[in-house]
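Data block below; observations after.
The values are calculated or read from the model by the stated rules, or taken from the named source; none is laboratory data. Worth saying up front: this structure is predicted, and the values here are computed from it rather than measured. Here Cβ is always computed from backbone atoms with ideal geometry, including for glycine, and neighbour counts include all displayed protein chains. Protein only, heavy atoms only, side chains kept; ligands, DNA and RNA dropped before computing areas. Shrake-Rupley method; radii C 1.70, N 1.55, O 1.52, S 1.80 Å.
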Amino acid sequence: MEEFHKVRRLPPYVFEQVNRLKAAARAGGADIIDLGMGNPDLPTPKAIVDKLVDVVRDPRTHRYSSSRGIPGLRRAQANYYGRRFGVKLDPERQVVATLGSKEGFANMAQAITAPGDVILCPNPTYPIHAFGFIMSGGVIRSMQVEPDAGFIPALERAVKHSIPKPLALIMNYPSNPTAYVATLDFYKDVVAYAKKNDIIILSDLAYAEIYFDGAPPPSILQVPGAMDIAVEFTSMSKTFSMPGWRMGFAVGNERLIAALTRVKSYLDYGAFTPIQVAATAALNGDGAEVDEVRSIYHRRRDVMVDAFARAGWEIPAPAATMFAWAPIPPAFRHLGSLEFSKLLVEHADVAVAPGIGFGEHGDDYVRIALVENEHRIRQAARSIKRFLGSAGQTPDNVVALNARR
């Protein structure tokens, strides 16, 4: 039977091919070290769990909740932005709670996109940045990811050669998957250009608190005037090790927040109230849990970079996020990221995320998630070293992708 219109607009789910290989290998008894999905292995801090348990005992909290977030949660998020970024937010008009940043992006796309609207989107990038708009009838024009001197000229070319004029620009720093970090000066240039050309900015700041070697990453809303055109999305998934809790936020421009709030009011009743109360307590805390999470990822990053280098795979140390954006070793680069990822599962018992899943410009890379402990990361490096040592041999099952021929 013919697929439905919106389903036809979506490509095959690249990661599913690796997932099937992982499942088959595990069914055969293999011990797969999974560095693929960005699914934090760290437990949610005890104080947050205790708050949830406490509140859930009250049957009054079992009823429908508030789609845009309970008042205390929205105030807590506004206060966090004040402490962390020096940005003043009105919790009534400039903050809405979302079911994770992913849902926020998808429903913002539903709220603002008309059929044929052009969206400027980094490539490679987290899939929902593009496909939320594709499912909403938008058209994606790829943009470079690097926040360097070439970004504004590339933005100017994209706007000049897009018909109709782009509706919105998506930004994601610290970036998933590349781990690039933007500076406040960079944001100032982008905001000035976007305001001049009446372009909305949608900023994904999910990894604001996972940084290692320098100053904390800024918010685009720190730029004077950014509130006129920008909305920023954050998440508690990585910061507080709460991925399954599905709690995030959109903050910024009142008109855009109102549009998202209205769409959400038709689609959901918000997160379970005890989750919202526990999230409020987390945001109002002293930040000790966040410091510990950051330290753990920092140690894992250092172990991964060192151990993989000893294995013969040089990987740049990410300055932020819980990911490394790893160039495929030269001997395997011609295969593309999907086939290389399959080989790692089959011959090294290690799973990574193929870069092609984040956009065609990611096909020379794989994403490595720091979601295993240091011992397991070293174990993965040893297995990869043995695999890379056989690079001169041609495994029987290697078939290059047609697109790479």
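Quick rundown of the values:
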| quantity | calculated |
| --- | --- |
| Residue in segment 303-310 that is at pLDDT below 95 and more than 22 Å from the chain's Cα centre (by Cα) present | no |
| Hits in segment 1-44 (condition: under 30 Å from Val290 (Cα atoms) and among the hydrophobic types (A, V, I, L, M, F, W, C)) | Phe15, Ile32, Ile33, Leu35, Met37, Leu42 |
| Evaluation of Ala215 against (1) in a helix (DSSP H, G or I); (2) at pLDDT below 95 (one fails), failing number | (1) |
| Among (1) without any contact (Cβ under 8 Å) to a residue 24 or more places away in the chain; (2) hydrophobic (A, V, I, L, M, F, W, C); (3) under 26 Å from Met227 (Cβ atoms), the one test that Val139 misses | (3) |
| Residue satisfying condition, being within 16 Å of Thr239 (Cα to Cα) and out of contact with any strand residue (DSSP E or B) (no Cβ under 8 Å at 6 or more places or on another chain), within set Ala369, Ala278, Ala307, Ala320 | Ala278 |
| Segment 190-206, subset among the hydrophobic types (A, V, I, L, M, F, W, C) and outside any helix (DSSP H, G or I), residue most open to solvent (accessible area, probe 1.4 Å) | Ile200 |
| Residue match in segment 312-327 (condition: assigned to a helix (DSSP H, G or I) and not polar (S, T, N, Q)) | no |
| Filter result for Pro274 (in a helix (DSSP H, G or I), out of contact with any Pro (no Cβ under 6 Å at 6 or more places or on another chain) and farther than 20 Å from Asp291 by Cα) | yes |
| The listed residue being in a loop (DSSP other than H, G, I, E, B), among the aliphatic types (A, V, I, L, M) and within 20 Å of the chain's Cα centre (by Cα), out of Ala149, Ala250, Ala182 | Ala182 |
| Single match in Gly36, Gly29 (criterion: modelled with pLDDT of 90 or more, at positive phi and out of contact with any Pro (no Cβ under 8 Å at 6 or more places or on another chain)) | Gly29 |
| Among (1) at pLDDT 95 or above; (2) open to solvent by 40 Å² or more (accessible area, probe 1.4 Å), the one test that Ile48 misses | (2) |
| The listed residue being free of Cβ contacts under 8 Å to residues at least 60 places away in the same chain and of a type in the set (A, V, I, L, M), out of Ala182, Ala206, Ala250 | Ala182 |
| Residue that is modelled with the lowest pLDDT [pool: residues in segment 364-405 that are out of contact with any helix residue (DSSP H, G or I) (no Cβ under 8 Å at 6 or more places or on another chain) and either within 21 Å of Val14 (Cβ to Cβ) or in a strand (DSSP E or B) (or both)] | Arg405 |
| Residue list for segment 295-334, filter: in contact (Cβ under 8 Å) with a residue 24 or more places away in the chain, surrounded by fewer than 16 Cβ atoms within 10 Å (Cβ to Cβ) and charged (D, E, K, R) | Arg299, Arg310, Arg333 |
| Checklist (1) at positive phi; (2) surrounded by 24 or more Cβ atoms within 10 Å (Cβ to Cβ); (3) not basic (Lys, Arg) applied to Gly116, failing item | (2) |
| Output for segment 222-242, where each listed residue is assigned to a strand (DSSP E or B) and within 21 Å of Ile296 (Cα to Cα) | Thr234, Ser235 |
| Looking only at segment 210-246, and only at residues there that are acidic (Asp, Glu) and open to solvent by 40 Å² or more (accessible area, probe 1.4 Å), the one that is farthest from Asp41 (Cα to Cα) | Asp228 |
| Some residue of segment 256-263 being of a type in the set (A, V, I, L, M) and open to solvent by 40 Å² or more (accessible area, probe 1.4 Å) | yes |
| Filter pass, Ile134 being part of a strand (DSSP E or B) and within 27 Å of Ala353 (Cβ to Cβ) | no |
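For every residue, the table says whether it meets (1) modelled with pLDDT of 95 or more; (2) of a type outside the set (S, T, N, Q); (3) open to solvent by less than 50 Å² (accessible area, probe 1.4 Å).
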{"position": "Val53", "(1), (2), (3)": "yes, yes, no"}
{"position": "Ser66", "(1), (2), (3)": "no, no, yes"}
{"position": "Arg75", "(1), (2), (3)": "yes, yes, no"}
{"position": "Ala78", "(1), (2), (3)": "yes, yes, yes"}
{"position": "Arg84", "(1), (2), (3)": "yes, yes, no"}
{"position": "Ser101", "(1), (2), (3)": "no, no, yes"}
{"position": "Met108", "(1), (2), (3)": "yes, yes, yes"}
{"position": "Ala111", "(1), (2), (3)": "yes, yes, yes"}
